[in-house]
Structures are given as structure tokens and as C-alpha cells.
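One structure below.
Bear in mind that the values in this text are calculations on the coordinates, not laboratory data. Not measured: the values here are computed from a predicted model. Please note: Cβ atoms are built from the backbone with ideal geometry, for glycine as well, and neighbour counts cover all protein chains shown.
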Amino acid sequence: MTTSKNLWKCPAGKSALKTPMKTFKNIYDKDTPENGAKPSSEYTLRPTVKAIVVDNENNIALLKARGHYLLPGGGIETGESAIDALRRELIEEIGCNVDNIKELGISSQFRNKNMTHYEVVFFSANVVGKKGTPTTTQEDELQDVELFWFDKEKVFTLLKSQIRVQDKNEYSFYFNSRSHFEAFEEYCLKLQEV
């Protein structure tokens, strides 16, 4: 497993990182189609983790929710490291243990609708052992969510095709579609470096 010395336990309302990783993109409400409220410095920080998870057949996990494809992951809880949160979220959402965890970068999303700054830390990881069943303990967390495993080219096509102007009912997806695609682009670039 690859871990970084810059990851630390996450206190409430604090960044999950001691030192910054590469930032893919900062996304603000002013970038959304509906141009939400004016930007404010009164955001509540919500550190989260997401991953590009590769299985033994070189397929990549994507979740499909409300017609949109997303990378698996979720929030970092108080006192939890980013790596621990990632492992927990991947067991909950895709039923897999992972290893060979590598940092890709971060995306900062400043959402005025709920005055939250989502600091999304992206990783790549490989499935270890058998793929299992999602085991979330949160009621309705995975309701109407499907898990798929696609090859790299299909993932690229699906994530890229989703970057378009969304309507106001797709507010959070507007942010996620852009950051997930940029993280996947970074992952593909790193594969070329090997």
C-alpha cells in the first residue's frame, strides 16, 4: 500500500491533508447554470474521498445514481484518516477491499446552496481478493444506486459525456461530473508515465 505522509486524522471541520496535493479544479456556484448565491467565506468544510478502483480484469468501478455515473467514495469522519475513510467507503459502496492506494489530487467544490466546501481527495486503488456485496449501514444510502465495472475506455467515455450543462435539479452532479472526469484524466496520465 502507498500512503502519504501528508495525510492525517481529520478533526471536525478541518482539511484531511497537512500539505496540499495537486488541485484539479476549484468549482464555484458562479460556474453553475443557475448562478447560485454570491460567493461567501462562510463555508463549512466537508472532506471527502473518492477512488478509481481497478479489479483483477482491469475494469473500473462506477456507481450509477439518478442516471449519472460517479466514482465510489464518501465523507471522512472526525478522527478518521483519508485512507481509513477510503477503505471504509469502498467496502460500503462496492463491497471491495483495496490495496496499492495512490494519491491523484484534490478538487475543491464551493457550494452556496448548503454553504459547504467539499474538499474531495482522489485516489486510485486495486481490488484485493474477491469482489463482494456493498455493505453500507446507512439506510437508503445505496437505494436506486447500481454498481458497474467497465474498461478504461468506457469509463472515459461515460464520464466525459456527462460534462454538459445540467439543470437546477442536478446541482450537486454539476460539481461531481467535472471533478470525477478530471480525476480520471489524471489517472490516465499517470498510467502513461509507468
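Note that region 146-160 has calculated 3J(HN,Hα) couplings of 10, 9, 10, 10, 10, 6, 4, 5, 5, 4, 4, 4, 5, 5, 5 Hz, one per residue in order, obtained from phi through the Karplus relation 6.51 cos²θ - 1.76 cosθ + 1.60 (θ = phi - 60°); glycine and proline are x.
Across region 52-194, the convex hull enclosing all Cα atoms gives 122 Å³ per residue.
Past 26 Å, Cα to Cα: identify those pairs from Lys113/Lys190; Lys130/Lys152; Lys113/Lys152, in the order given. Over 26 Å Cα-Cα: Lys113/Lys190; Lys113/Lys152.
Taking other residues whose beta carbon is less than 11 angstrom from the beta carbon of Val127, and scoring Lys, Arg as +1 and Asp, Glu as -1, yields -1. Karplus-based coupling profile of region 75-88, in residue order and whole Hz: x, 8, 7, 3, x, 9, 6, 4, 5, 4, 4, 4, 4, 4, with θ = phi - 60° in 6.51 cos²θ - 1.76 cosθ + 1.60 and x standing for Gly or Pro.
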